[in-house]
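Worksheet for the structure shown next.
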Amino acid sequence: MTEDHEELAPPQLDGLATLLPAFEAADAELGEWKGGREEQRGSFVLPWFSPSELTTEFIEVAYRDGWVRPDFDWSEWAQTPDARRLQDDRGVLEQATVLDVARLLTVVIRADRFVEGTLAEALESGLVTAALRRIEQLRREG
């Protein structure tokens, strides 16, 4: 934002790192799509993603521990080459800084409020789990 704002503390690593085993479990319930059906007389119920308890906990911990950052324009940053590389290249994500991961998670979580399915796609593609792996690695190195 501007130089007038106090710099935010770095995100806490432990909270999200503790969720990694649950996300890596073969039977992890991340959520499901609901709706998407025709009702009476041509009206439709649009589909929406209903997050599981685990995914809801992930979102709550991400906010609580400072991973969802209010100190940058996430929608603009999401269009940058750096953001694209973090999303598309797991090797880049494996080397990401705490701030890079925080920005990525901010985009995923905040964008879902405006584009239904953003979070679902990040969950289904393994992007969220990969970010949690990086957080766990940063915690161990820390």
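The values are calculated or read from the model by the stated rules, or taken from the named source; none is laboratory data. Note that the coordinates shown come from a computational prediction; the quantities given were computed from them, not determined experimentally. All Cβ positions, glycine included, derive from the backbone under ideal geometry; neighbour counts span all protein chains shown.
Overview of results
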| quantity | calculated |
| --- | --- |
| Contacts under 7 angstrom Cβ, first residue in the range 23-46 being under 20 Å from A130 (Cα atoms), partner in a loop (DSSP other than H, G, I, E, B), 6 or more apart | E29/S52; L30/S52; G31/S52 |
| Single residue of the range 64-82 satisfying the filter (of a type outside the set (S, T, N, Q) and surrounded by fewer than 12 Cβ atoms within 10 Å (Cβ to Cβ)) that is nearest to Q12 (Cα to Cα) | P70 |
| Number of the exception - Q95 against (1) at pLDDT 95 or above; (2) under 30 Å from L46 (Cβ atoms) | (2) |
| Some residue of the range 32-43 being among the polar types (S, T, N, Q), farther than 20 Å from R140 by Cβ and surrounded by fewer than 16 Cβ atoms within 10 Å (Cβ to Cβ) | yes |
| All positions within the range 37-77 that are over 18 Å from F114 (Cα atoms), part of a loop (DSSP other than H, G, I, E, B) and touching a strand residue (DSSP E or B) at 6+ places or on another chain (Cβ under 8 Å) | E39, S52 |
| Residue check for S50: within 17 Å of the chain's Cα centre (by Cα), farther than 17 Å from R110 by Cβ and small (G, A, S) | yes |
| From the options T129, T106, residue that is under 20 Å from A22 (Cβ atoms), in contact with a Phe, Trp or Tyr (Cβ under 9 Å, 6 or more places away or on another chain), β-branched (V, I, T) and touching a residue at least 12 places away in the same chain (Cβ under 8 Å) | T129 |
| Given (1) farther than 23 Å from T18 by Cβ; (2) of a type in the set (K, R); (3) modelled with pLDDT of 95 or more, index of the condition R113 fails | (3) |
| Count - residues of the range 40-61 that are within 30 Å of L13 (Cβ to Cβ) and in contact with a Lys or Arg (Cβ under 9 Å, 6 or more places away or on another chain) | 2 |
